[in-house]
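The values are calculated or read from the model by the stated rules, or taken from the named source; none is laboratory data. Computed from a predicted model, the values in this text were never measured in an experiment. Positions of Cβ are generated from backbone atoms using ideal geometry, with glycine treated the same way; all protein chains shown enter the neighbour counts.
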Amino acid sequence: VEQRRASKFDRVVPIEDRTKWKNKNKTKDELIEEILNAPNGSLAGDRKSLKKKLLGELQEIAEKAGISKDYFCKTKKIAGWYGKCKGIEQILRESGHLDISKLSEYTLEKRDKETGELIKEFSLRRMMASRPDFANEVSQLEFIGGKVGCNVIITTKYHAEYAGEGIEYTWGFQKCFYRRQPLKRKKGKANFFALVDECLSRDLVTTELVRKFSKRARDYMQAYCAFETDEMKEGLKESGKGGKLNITHAMIEKMKKVVSSHRAALDHDKQFLDRIIKEEGFSVVDVVIKSESKYVPSKRAGSSKDLESKRAKKK
């Protein structure tokens, strides 16, 4: 108890090992205090103006006033526990979950050196997550939502922007538009509200844009849904993972590309489509991609002669 009380507040203790004594630069607050206490220190400005200056500028002012910018440090500061957040180890230790005789063996994620498997009984994060009071704890947003009578559904940690049919993209677009405007449009209450109204207007956020953002959000939704299919679960069981998978950011990005291209039959069955087109005598250029001829160049009979005759007439 006495030791805990003694370590409650920050304290400065001398450094016994003289080899660890060294020169240290003074902080901004220390320089400002010494400059103001100097005989002609008031000429450099008041405390408010000095706080706006950089450390290098304060060092130059101090040198002109005959104040050293560093000092020979023989002490060290030991932080106290008062006002500090408790760590994982401290919480588990106070609740009696740790073996005091084996404290050195506990780490955030203890793994076996040979197999790489997680050792649960010595992994602090795992032990903390398994505690009922932490596992069943709701976030502050969920707590407030429950108070006002609504449910808050937390999205996945990698792509929260797919919530609300891509509304995050709409907000981001509006913010980008606002930040690109000149400063004169933001100064003054009337100008500020006028610009905000413009950012929120349907003239800026058109239906076409909203649909585009919604489509991008659905691409990620499909990627997450793909991991929940029976085919994926069966594959995990066969691979020995027991139907469980730790989904990472890289996996979601790869799955998004796979899902996005899955509906493009041209990427998978191009030969089959080419054969059908030849058998049926179907003209892709004339019927399907006539308006997008820049992607599929086609030559009409006599087209080069027509161009040459038009050029000759212009000359």
**Message:** What's the number of the only condition in (1) modelled with pLDDT of 85 or more; (2) surrounded by 12 or more Cβ atoms within 10 Å (Cβ to Cβ); (3) touching a helix residue (DSSP H, G or I) at 6+ places or on another chain (Cβ under 9 Å); (4) within 30 Å of Lys215 (Cα to Cα) that Gly145 fails to meet?
**Reply:** (3)
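Go over the candidates Glu137, Glu114, Glu89 one by one and state the one that is surrounded by fewer than 15 Cβ atoms within 10 Å (Cβ to Cβ), among the acidic types (Asp, Glu) and either over 30 Å from Cys225 (Cβ atoms) or touching a Lys or Arg at 6+ places or on another chain (Cβ under 6 Å) (or both). So that I can check it myself, show each step before the final result.
On the way: Glu137 fails: either over 30 Å from Cys225 (Cβ atoms) or touching a Lys or Arg at 6+ places or on another chain (Cβ under 6 Å) (or both); Glu89 fails: surrounded by fewer than 15 Cβ atoms within 10 Å (Cβ to Cβ).
The unique qualifying residue is Glu114.
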**Prompt:** Mind checking which residues of segment 205-219 are hydroxyl-bearing (Ser, Thr, Tyr) and in contact with a Gly (Cβ under 9 Å, 6 or more places away or on another chain)?
**Reply:** Ser214
**Prompt:** Hey, among the residues in segment 107-116 that are acidic (Asp, Glu) and more than 28 Å from the chain's Cα centre (by Cα), which one's farthest from Ile88 (Cα to Cα)?
**Reply:** Glu114
**Request:** Among the candidates Lys86, Lys77, single out the residue that is in contact (Cβ under 8 Å) with a residue 60 or more places away in the chain and over 30 Å from Tyr220 (Cβ atoms).
**Result:** Lys77
**Asked** Conditions: (1) farther than 28 Å from Arg11 by Cβ; (2) exposed (fewer than 14 other Cβ atoms within 10 Å of the Cβ); (3) among the aromatic types (Phe, Trp, Tyr). Phe72 meets all but one. Number of the miss?
**Response** (1)
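Going by the structure shown, is Glu16 outside any loop (DSSP other than H, G, I, E, B) and either surrounded by fewer than 16 Cβ atoms within 10 Å (Cβ to Cβ) or in contact with a His (Cβ under 8 Å, 6 or more places away or on another chain) (or both)?
Working: outside any loop (DSSP other than H, G, I, E, B): no; either surrounded by fewer than 16 Cβ atoms within 10 Å (Cβ to Cβ) or in contact with a His (Cβ under 8 Å, 6 or more places away or on another chain) (or both): yes.
No; evaluated as a whole, the condition is false for this residue.
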**Request:** Determine the pairs where a residue that is within 18 Å of Arg216 (Cβ to Cβ), located within segment 144-159, has a partner that is at pLDDT below 85 with Cβ atoms under 6 Å apart, the partner being 6 or more residues away or on another chain.
**Result:** Thr155/Ala163; Tyr158/His249; Tyr158/Ile252; His159/Tyr220
**Request:** Mind telling me which of the residues Lys69, Lys64, Lys74, Lys28 ends up being on the phi < 0 side of the Ramachandran plot and in contact with a Phe, Trp or Tyr (Cβ under 9 Å, 6 or more places away or on another chain)?
**Result:** Lys74
